[in-house]
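Trainee: Here's a structure for you.
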Number of protein chains: 4
Amino acid sequence: MGSTFGHLFRITTFGESHGGGVGVTIDGCPPRLEISAEEIQAELDRRRPGQSKITTPRKETDTCEIVSGVFEGKTLGTPIAIFVPNKDARSQDYGEMKQKYRPSHADATYDAKYGIRNWQGGGRSSARETIGRVAAGAVAKKILWQVARVEIVGYVKRIKDLEGIVDPNTVTIEQVENNIVRCPDAECAERMIAVIEQARRDKDSLGGVVECVARNLPKGLGEPVFDKLEADLAKGVMSLPASKGFEIGSGFGGTLLTGSEHNDEFYTSETGGEVRTVTNRSGGVQGGISNGENLTLRSPFKPTSTIGKQQRTVTSTGEETTLAAKGRHDPCVLPRAVPMVEAMVAIVLCDHLLRHHSQCQLPMTNLDPVSQSELRTRN
Amino acid sequence: MGSTFGHLFRITTFGESHGGGVGVTIDGCPPRLEISAEEIQAELDRRRPGQSKITTPRKETDTCEIVSGVFEGKTLGTPIAIFVPNKDARSQDYGEMKQKYRPSHADATYDAKYGIRNWQGGGRSSARETIGRVAAGAVAKKILWQVARVEIVGYVKRIKDLEGIVDPNTVTIEQVENNIVRCPDAECAERMIAVIEQARRDKDSLGGVVECVARNLPKGLGEPVFDKLEADLAKGVMSLPASKGFEIGSGFGGTLLTGSEHNDEFYTSETGGEVRTVTNRSGGVQGGISNGENLTLRSPFKPTSTIGKQQRTVTSTGEETTLAAKGRHDPCVLPRAVPMVEAMVAIVLCDHLLRHHSQCQLPMTNLDPVSQSELRTRN
Amino acid sequence: MGSTFGHLFRITTFGESHGGGVGVTIDGCPPRLEISAEEIQAELDRRRPGQSKITTPRKETDTCEIVSGVFEGKTLGTPIAIFVPNKDARSQDYGEMKQKYRPSHADATYDAKYGIRNWQGGGRSSARETIGRVAAGAVAKKILWQVARVEIVGYVKRIKDLEGIVDPNTVTIEQVENNIVRCPDAECAERMIAVIEQARRDKDSLGGVVECVARNLPKGLGEPVFDKLEADLAKGVMSLPASKGFEIGSGFGGTLLTGSEHNDEFYTSETGGEVRTVTNRSGGVQGGISNGENLTLRSPFKPTSTIGKQQRTVTSTGEETTLAAKGRHDPCVLPRAVPMVEAMVAIVLCDHLLRHHSQCQLPMTNLDPVSQSELRTRN
Amino acid sequence: MGSTFGHLFRITTFGESHGGGVGVTIDGCPPRLEISAEEIQAELDRRRPGQSKITTPRKETDTCEIVSGVFEGKTLGTPIAIFVPNKDARSQDYGEMKQKYRPSHADATYDAKYGIRNWQGGGRSSARETIGRVAAGAVAKKILWQVARVEIVGYVKRIKDLEGIVDPNTVTIEQVENNIVRCPDAECAERMIAVIEQARRDKDSLGGVVECVARNLPKGLGEPVFDKLEADLAKGVMSLPASKGFEIGSGFGGTLLTGSEHNDEFYTSETGGEVRTVTNRSGGVQGGISNGENLTLRSPFKPTSTIGKQQRTVTSTGEETTLAAKGRHDPCVLPRAVPMVEAMVAIVLCDHLLRHHSQCQLPMTNLDPVSQSELRTRN
């Protein structure tokens, strides 16, 4: 269980790092949306390994195929299935993993839970599973843009203790994609790249923080009580591998302020007479519902667990031993985590867009103007 | 939508701060569990207003009634409905709220979403809604204890910049309940109480961080991919009013370490030959699944939005004005947030206990020993 | 589990026949719908016992209270909780039931499933649970009417072998309510009433068939594959106590025709140029999706299990014995089943109305005209 | 939406009749179950076209591939994805369908719902979608057998007015597979085959009734109120293409009896002291919960909509025209519907097996004997 996400825009991923391949089924996508494999591939290319000198050198093209749900370039309203076959992997790299549990990986917990494990490259716990999410995120982004011109921009905010200076209100995707670490602060990005390269040379790894902003978000998204927008975003983002936390708006830091310092006072905008807030410590969400201000969130990703340094561990039969990873791995997942975070944010927002529409924008006079003439007793 | 939570241990809350009352329906509770209204009331008493000088002076007893699902002191397996009637509230306190949006409250977003709002005391967005959660949490705690001796202990870790020193591995509920701020560091608790009292005198408010630990958690709880244990915990906790974030284990701080510093090395315990970890930066969860170590999490709660200081705001018709809250309110929600966090943690863990049991502990030889004799062709 | 129904218009019922009371929480109801306790009560009065000489003589007023979700006569968009307290029942009537399993009742299966049972009057398996459904159905009917002028009319089609002649295309609710058996064929209704009264005198019971029509249904409701409209209707109706089947359109009888006899040929209506069908053997649904023709369905309800005649049975400890019901019971549930079937049909249709709206009627240019001015980058 | 089914044993299908292929993702399957592509293929072969002279002559091998979730012959507990590629179909057969709505098909309703349609061979509404269900059903059957020796046997009970004589308590799968129409009454089967062949010559089609029995079913499966076993079975079976109804046990016919005739009296079995029923008009389910007797159900499948005879219809632009199907189609879907019904019954029963296990068979002393030693406070 646990491979399905979303209530109305609902995705189900499948696949392990080794075996036939990985993919996703998207159910609930509105019909007649123009979408192409190229648009999806563009997002997958931001996620794929081997894209730069600071990611894993594994070469996988992660080429996607739209199996169903799109006809003559448009969505049918029925499930969109997207499939990415696995290439022949060097499973001999993983022989040692058959016996030894990698520290801070899922090997031991999968064995404890299921009593069985695909020990080739992480199996279902591999970050390769996120291919399906990123593909679905590409579709969600397209819907959000078509319906409300929502822009989602994620970026690396911090690597270890190197923190970039970025204004979420103005940052562009071009600035993010301008360097391989995906930090829009170009000067800081260079230093980030340097420490990541050093970590690789040290057979070690680094973590950091991804920040993401959604702009132009309509008011009213999010449901009171359990499905608050920030609660669903937290679940979505923290379901990504290596994420250890989540915060929205002022987050943990906001607790250092008093209420009078923290509250977002209201004003009425000169143009349009909109209710706006002077500050945005709420991060675009009040009472679990979007208020039309920019939605801002952050998530910490731990340093990659797989490292070349020798570590103490045990085998699946309980014998103590040591392990030093020999495979090709990322010295820092943050650059590749950016499109993953964006995808989860897009999926959650798209789901809530549909949910809000279903309940709160149902016309109380008629369902569908097209079928007005239906409204007579049929004899 | 959004008033139901959980997949197998599923709760649905209802009610507004004013009107008939608030409550919860718990579906999926195992049968034959001994539970009494007194046990539930004990948890509600930790949540109720007026319990100490640093909470709101509102006097509400929040007396619960078990409406269904319990018979002769035991659960029936069918839905447990628990109801807490609202007492006559001073709704005249809320007259001003009919017009003016309280900053950083849900008034404006509810109006934007629904085009209608119960302006009496916050309506559905009132923290009074959490009564249903705390009641359900009492049932979940009982199940967790009966099945696996799981202990859940929450406490105030920080108020503004005052941080208590607490060892999650040994802290007891008695230490937590020993003072009114629910910080087990008794010396720090006194200073916390002092700053909260000062904030009240200043007509201001404070925020802070709640920490929570679950001990004796069985291995194997949590589902790969989307329903990772930390993802569901994040959703549950961040669906509480005023929560602005969540972290598990090393959280945001863990990103300052390298992989070799951060990884939890494995060893085999002398007694029992269990696979254990030397450190616990994972916070009891690896790959989304509990590893048997103590589960530790934290959540920041913002300073209470309702303050006596005058603030800039607008009316529901867009006119700019000011507002200074006259009602009775909490200068700091943290002490009352502790049982709420515990409740959400218990509900998530109980849900995952049932989920794990359903899939991974199904005997492959027979469903039910009692009906062994059923296993013949009936003619 | 199993006390929640619906995906977007989602109801959760609670309560047993004895104990505090029964009720329902409705989540997902659109905001600003005018609804009153009186409207709900009117439907409950059609369901309540003691309404005529051919129902159980038990006197219960089943008076409902709206606990939450409605403010100043309008829905808030947040959960509507409706509660009906149980009156003091003569539980001494049920003393024998503590030991003896009533044939074709749920006593034995509840014991087998849960190992515990509320033996007072059926507990959760009592038809009293349907109060919550009928209350929710009243809300669903109101939405369907407000949005699309959908009319739902249920009626007794057959009692044992007495079958009324009714045209589903023209039958009115007034014709149905014109007699106590709820069969719009007035002449047949008299004979039905006579045989039911004879069954009561014989200490026996009768079954029959309820038919229901939904008119003015918009095209497009229902989802391909698993959530076909007829599949969800079948589940909803067959979840009612005593229902043993379901058919839509031509149903079982349609299999006696050939394809060329059975197919519904298309034509274009003179007024409006609508695609219509010459016949309606499909019953208003093709490929799981409403086609704008009248939706017609039928469900058989078995003869009441509780009868005064002596029957062979066993005790909960396995001893063979006999039982003759002494309590007050319905000699035929059909008249009271009519509002229950209507309620489930309304709830399913309302759920699918919202589902269709969410996916297929999302404007691809903007979510909400009101927030057009939001569509600029906020700096 | 609507492509996912089940709560704990949860399947999601994807694919259209034309395009990349069709398939299914099964989430929630217990780990360590032995399953092979051959076992799944055996069920698919019972469903595939071209299997006999009375099915469509289309030649498709429907060869399945297990993409994920199975490792070294055993399930991993993670999602099982099964894929069947589409072969190059003669889409020129479908040119006329681009314009003309086939009577009693889903062409017109899909267009009305989505405003777009894959007109090649039915798209998502094609019976080809059921490949995913039958594949998932093979896995469900294996689980039911491994856990409780449950046997599921479906067969053709009636073709038009030719009804076979079959005892559901003793019928074997060998008797069913003994002839191409899948009616275990061999003499009647011959006549059924003859009328189907005649219908094909007449360019017409026939319908009928499938009956299905599940034997050795444990007591206690099914959830009170909405998820009654018969309600979920009705939904599952009626979600199959061409099904127009459902009944369990005595069904529609049972309403011709009085209560004293219809009730199933209890007795205690000599061997084992089990509570049993003398008759089985309940069809194995009482109060929505299995009682250990054989579960029996029936569903009518309408005569195939696609026929060679000329029929009146309209085009997608509303012009009246005629249509005579030229493609290859089944003169009667019943023989191929048998494995589909069995699959849906198996999927529902497996889901309820897991649901019952999760709630009612949770040991109240410890979750997992293996982790008993975990039950100490960890310091």
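Every number in this text was worked out from the coordinates using simple rules, so none of it is lab data. Keep in mind it's a predicted model, so treat the numbers as computed, not measured. So basically every Cβ, Gly included, is an ideal-geometry build from the backbone, and we count neighbours across all protein chains shown.
Trainee: On a 0 to 90 degree scale, rounded to 10, what angle separates helix B:37-47 from the longest Cα axis of chain B?
Mentor: Between helix and principal axis, roughly 50 degrees.
Trainee: A follow-up question, please. First check a/c for region D:240-286, with a ≥ b ≥ c the square roots of the eigenvalues of its C-alpha gyration tensor; if it is under 1.5, answer rounded, and if not, answer prolate when a/b is larger than b/c or oblate otherwise. Don't skip to the end; give the middle numbers.
Mentor: Details: a/c = 5.33, a/b = 1.73, b/c = 3.08.
Oblate shape, in that a/c is at least 1.5 and b/c is the bigger or equal ratio.
Trainee: Need the list of aspartates and glutamates near D:LYS326 for cross-linking: C-alpha distance under 12 angstrom, and skip anything on the same chain fewer than eight residues off.
Mentor: List returned: D:ASP93, D:GLU96.
Trainee: Could you work out the Kirkwood radius for region D:103-174, taking every pair of different alpha carbons, averaging 1/r and inverting it, reported in Å?
Mentor: 16.0
Trainee: Roughly what % of Cα-Cα distances in region D:5-67 sit above 16 Å, to the whole percent?
Mentor: Numbers: 1159 of 1953 pairs.
Cα-Cα pairs in region D:5-67 separated by more than 16 Å: 59 percent.
Trainee: Grab the eigenvalues of the alpha-carbon gyration tensor for region D:64-146, scale each by 5, take roots, and send me the semi-axes largest first in whole angstrom.
Mentor: Whole-Å semi-axes of the equivalent ellipsoid: 34, 14, 11.
Trainee: Sticking with this one: Averaged over every viewing direction, what's the projected area of the C-alpha convex hull for the protein assembly as shown? Give it in nm², one decimal, please.
Mentor: Reported value for the Cα convex hull: 48.8 nm².
Trainee: Hey, another quick one. Strictly over 19 Å apart at the Cα level, which of A:LYS87/A:LYS302; D:LYS87/D:LYS235; B:LYS113/C:LYS219; C:LYS160/C:LYS203; C:LYS160/C:LYS244 would you flag in this model?
Mentor: With Cα atoms farther than 19 Å apart: A:LYS87/A:LYS302; D:LYS87/D:LYS235; B:LYS113/C:LYS219.
Trainee: Excluding C:PRO184 itself, calculate the net charge of residues whose Cβ lies under 15 Å from the Cβ of C:PRO184, where each Lys or Arg counts +1 and each Asp or Glu counts -1.
Mentor: Net local charge, C:PRO184 excluded: -3.
Trainee: When the Kirkwood hydrodynamic radius is evaluated over all pairs of different C-alpha atoms of region D:309-354, what value in angstrom, to one decimal, is obtained? Don't skip to the answer; put the middle values down first.
Mentor: Numbers: mean 1/r = 0.0705 Å⁻¹.
So the Kirkwood estimate lands at 14.2 Å.
Trainee: Could you please point out the chain A residue with its Cβ nearest to the axis of the rotation taking chain A onto chain D, and the distance in whole angstrom?
Mentor: A:THR12, 2
Trainee: Still on this structure, please answer the following. What is the local net charge at A:GLU320, summed over the other residues whose Cβ is closer than 13 Å to its Cβ (Lys, Arg +1; Asp, Glu -1)?
Mentor: -1
Trainee: How long, wide and thick is region D:223-345, going by the Cα atoms along their three principal axes, in whole angstroms, largest first?
Mentor: Extents along the principal axes, in whole Å: 67, 29, 25.
Trainee: What does the charge add up to near B:LYS141, with Lys and Arg as +1, Asp and Glu as -1, over the other residues with Cβ less than 10 Å from its Cβ?
Mentor: With Lys, Arg at +1 and Asp, Glu at -1, the net is -3.
Trainee: Taking square-rooted eigenvalues a ≥ b ≥ c of the alpha carbon gyration tensor, is region A:276-368 rounded, prolate or oblate, where a/c under 1.5 means rounded and, failing that, a/b exceeding b/c means prolate?
Mentor: On the way: a/c = 3.72, a/b = 2.51, b/c = 1.48.
Taking the square roots of the gyration eigenvalues as a ≥ b ≥ c, region A:276-368 is prolate.
Trainee: Can you list, shortest first and in nm, the gaps between the label point of B:ARG312 and those of its counterparts in the other copies, using a point 7 Å from Cα in the C-beta direction?
Mentor: Spelled out, the distances from B:ARG312's label point are 5.8, 7.2, 8.6 nm.
Trainee: Can I ask one more? Please list, short to long, the whole-number percent of alpha-carbon pairs of chain C in consecutive 10 angstrom bins beginning at zero.
Mentor: Result returned by the calculation: 5, 22, 30, 25, 13, 4, 2, 0, 0.
Trainee: Could you give, in nm with one decimal, how far C:ASP45 is from each other copy of that position, shortest first, with labels 7 Å out from Cα toward Cβ?
Mentor: 4.6, 6.6, 7.0
Trainee: Relative to the first principal axis of the alpha-carbon coordinates of chain C, what is the inclination of helix C:186-201, with its axis defined by its Cα atoms, in degrees from 0 to 90 and to the nearest 10?
Mentor: That works out to roughly 30 degrees.
Trainee: Which of the aspartates and glutamates could a cross-linker span from A:LYS53 if the Cα-Cα distance has to be under 16 Å and same-chain partners fewer than 8 positions apart are dropped?
Mentor: A:ASP45, A:GLU177, A:GLU190, A:GLU197, A:ASP202, A:ASP204, A:ASP330
Trainee: Straight distance only, please: which aspartates and glutamates reach the Cα of D:LYS98 with their own Cα at less than 16 Å, same-chain residues fewer than 8 apart left out?
Mentor: Within reach: A:GLU72, D:GLU16, D:ASP107, D:ASP111, D:GLU319, D:GLU320.
Trainee: What's the angle, to the nearest 10 degrees (0 to 90), between helix D:334-360's Cα axis and the longest principal axis of chain D?
Mentor: Relative to chain D, helix D:334-360 is tipped by roughly 30 degrees.
Trainee: Give the nm distances, rounded to one decimal, from D:THR268 to the matching residue in every other copy, measuring between label points 7 Å along Cα toward the beta carbon; shortest first.
Mentor: Taking the point 7 Å beyond Cα along Cα→Cβ, the inter-copy spacings are 5.3, 7.5, 8.1 nm.
Trainee: Cα gyration tensor of region B:64-211, axes a ≥ b ≥ c as square roots of the eigenvalues: rounded (a/c below 1.5), prolate (a/b > b/c) or oblate?
Mentor: Judged from the Cα gyration tensor, region B:64-211 comes out oblate (a/c at least 1.5, b/c at or above a/b).
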